Amino acid sequence: MANTSSAKKCVRKMARKTAINKNRRTSVRTTLRNVEEAISAGDQAAAKTALAVAEPAMMRAVGKGIFHKNTGSRKISRLSKRVKAMSA
């Protein structure tokens with residue numbers, strides 16, 4: 001338990017940041033799931049539009065420090081490769 005006033009403030013800040021990060025992480029995962037569902041359904045147009053939404057959302061989360069830079073790049077790269085393979 002926090003004893004000093006500054007430690008209590010840190011606990012409050014941490015709780016607020018945790019809630020914000022959790023919300024951002026959840027929304028990014030939802031956008032990625034939308035791309036996965038469009039790919040599995042075989043709908044190329046929906047997959048392209050979902051990827052166009054997911055890529056900036058993921059990179060925004062990377063910029064906020066929620067995901068590592070390489071993780072974001074890897075996920076977007078693999079998804080875009082799968083979407084591109086649908087047209088071939």
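Taken together, the values in this text are just the output of simple stated rules run on the coordinates, not laboratory data. For clarity, every value in this text was computed on a predicted model and none was experimentally measured. Don't worry about glycine lacking a Cβ; one is built from the backbone with ideal geometry, like all the others, and counts go over all protein chains shown.
Values computed for the structure shown
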{"item": "Unit charges on C-beta of K, R, D, E only; dipole of the chain, Debye", "result": "640 debye"}
{"item": "Helical mean residue ellipticity (222 nm; -39500 (n - 2.57) per DSSP H run of 4+; nearest 500) of the chain", "result": "-31000 deg cm²/dmol"}
{"item": "Neighbourhood net charge (9 Å Cβ-Cβ; Lys/Arg +1, Asp/Glu -1) for residue 79", "result": "+2"}
{"item": "Diffusion constant of segment 1-42 at 37 °C, which comes from Stokes-Einstein with the Kirkwood Cα-pair radius and 0.692 mPa s, µm²/s", "result": "261 µm²/s"}
{"item": "Given (i) 63, 21, 16; (ii) 40, 22, 20; (iii) 33, 25, 19, the label whose value is Cα extents along the principal axes in Å derived from this model", "result": "(i)"}
{"item": "Folded to 0 to 90 degrees: helix 69-87 orientation relative to the chain principal axis, Cα", "result": "20 degrees"}
{"item": "Straight-distance crosslink candidates among aspartates and glutamates, where the alpha carbon sits under 14 Å from residue 81 and sequence neighbours closer than 8 are dropped", "result": "36, 55"}
{"item": "Pairs beyond 25 Å (Cα-Cα), from 22/84; 9/64; 9/69; 17/69", "result": "22/84; 9/69"}
{"item": "Angle in degrees between helix 5-41 and the longest Cα principal axis of the chain, rounded to the nearest 10", "result": "10 degrees"}
{"item": "Total formal charge among the other residues, if their Cβ is under 13 angstrom from that of residue 31, Lys/Arg +1 and Asp/Glu -1", "result": "+3"}
{"item": "Angle in degrees between helix 44-64 and the longest Cα principal axis of the chain, rounded to the nearest 10", "result": "30 degrees"}
{"item": "Which of 30, 6, 53, positive extreme of dipole for the chain (C-beta unit charges)", "result": "6"}
